[in-house]
1. Here are some residues: ARG192, ARG151, ARG187. Which one is of a type outside the set (Ser, Thr, Tyr) and either free of Cβ contacts under 8 Å to residues at least 12 places away in the same chain or farther than 21 Å from LEU106 by Cβ (or both)?
2. Contact list please: Cβ distance under 8 Å, first residue in segment 59-72 and in contact (Cβ under 8 Å) with a residue 24 or more places away in the chain, second residue surrounded by fewer than 17 Cβ atoms within 10 Å (Cβ to Cβ) and not in a helix (DSSP H, G or I), pairs at least six apart or on different chains.
3. Within 20 Å of VAL113 (Cβ to Cβ) and among the acidic types (Asp, Glu): is that true of GLU157 in this structure?
4. Select from segment 39-79 the residues that are under 17 Å from PRO133 (Cα atoms) and in contact with a Lys or Arg (Cβ under 9 Å, 6 or more places away or on another chain) and write down the one among them that is surrounded by the most Cβ atoms within 10 Å (Cβ to Cβ).
5. So, of the residues in segment 126-156 that are within 23 Å of GLN33 (Cβ to Cβ) and small (Gly, Ala, Ser), which turns out to be surrounded by the most Cβ atoms within 10 Å (Cβ to Cβ)?
6. If we keep just the residues of segment 207-221 that are among the β-branched types (Val, Ile, Thr) and open to solvent by less than 30 Å² (accessible area, probe 1.4 Å), which is farthest from ALA105 (Cα to Cα)?
7. Looking at ALA115, ALA204, ALA159, ALA189, which is the one that is more than 17 Å from GLN77 (Cβ to Cβ) and surrounded by fewer than 18 Cβ atoms within 10 Å (Cβ to Cβ)?
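The values are calculated or read from the model by the stated rules, or taken from the named source; none is laboratory data. What you see is a predicted model; the values in this text were computed from it and never measured. Neighbour counts run over all protein chains shown; Cβ positions are idealised from the backbone, glycine included. Protein only, heavy atoms only, side chains kept; ligands, DNA and RNA dropped before computing areas. Shrake-Rupley method; radii C 1.70, N 1.55, O 1.52, S 1.80 Å.
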Amino acid sequence: MVKLPEPKILRREPAEMTRAALVQAALKLFGRQGFDGTSTREIAAEAQANIGSIAYHFGGKEGLRTAAADFIVETIQTVAGPALGNSQTPAPVGPEAAQAQLSAALERMVGFVVASPQAGEIVQFILRELSHPTAALDRIYDGVFEPSHRRLCQLWEQATGEPAESEATRLTVFTLIGQVIYFRIGREAVMRRMGWKDIGAAEAAKVVAVTSGNLKAILASKKSKA
């Protein structure tokens, strides 16, 4: 069974609560309507905050977009960190340990991206940024995309012996990530075709079984050719 990340329960001062509510509102509305299609008045209403608090906390709408990007980076680093480890100083591991870590990373990814309700708004925001890149995408790329992908490539090298920065390895890692992401961006189609009313922990476990099976099949093919 896939264990979903547990939300942190923190005691916050009123100002911190307002700031957090504004970030969550911006994340939701920017992802749903786009940056230009969302007014500060709508964000304030969604957050149940005074419109002036946007300028007070973030300097304006652009600063709020930056804060939303930073929230995404922090959230994904928290989720991915335990499974990926440190990409700057990776601990040496043997092929079997690296394969196990790759499987754990996939499972963690499915648990968050596919089954976590919060991931929907994060993915929508990121998709907007990928379609129309801004400085917010730079922060997400530098904070999440590049280091996470690089770390997975390092694990692939340890698991297979293939160079981490080779074109083939980088493309393979993108395909491993892509099969997970589809279950979020194609969520409605998946639920209809599978006859699921929702994608929760039980459904995510089935996705993990398939993605892990795909990984094992690729690794077995590599081993047989070696």
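1. Values: ARG151 fails: either free of Cβ contacts under 8 Å to residues at least 12 places away in the same chain or farther than 21 Å from LEU106 by Cβ (or both); ARG187 fails: either free of Cβ contacts under 8 Å to residues at least 12 places away in the same chain or farther than 21 Å from LEU106 by Cβ (or both).
Of ARG192, ARG151, ARG187, the one residue that is of a type outside the set (Ser, Thr, Tyr) and either free of Cβ contacts under 8 Å to residues at least 12 places away in the same chain or farther than 21 Å from LEU106 by Cβ (or both) is ARG192.
2. ARG65/THR134
3. no
4. Across segment 39-79, the extreme among qualifying residues is ALA69.
5. By that ranking, first place goes to ALA136.
6. Applying the first criterion (among the β-branched types (Val, Ile, Thr)) to segment 207-221 yields 207-208, 210-211, 218.
Next, from what is left, pick out any that are open to solvent by less than 30 Å² (accessible area, probe 1.4 Å): 207-208, 211.
Numbers: VAL207: 14, VAL208: 10, THR211: 11 Å.
Checked segment 207-221; the qualifying residue farthest from ALA105 (Cα to Cα) is VAL207.
7. Criteria check complete, one pass: ALA189.
Per-residue answers, yes or no, for (1) of a type in the set (A, V, I, L, M, F, W, C); (2) modelled with pLDDT under 95:
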residue	(1), (2)
ARG65	no, no
GLN77	no, yes
PRO82	no, yes
ALA104	yes, yes
GLY111	no, yes
SER116	no, yes
ALA135	yes, no
GLY143	no, no
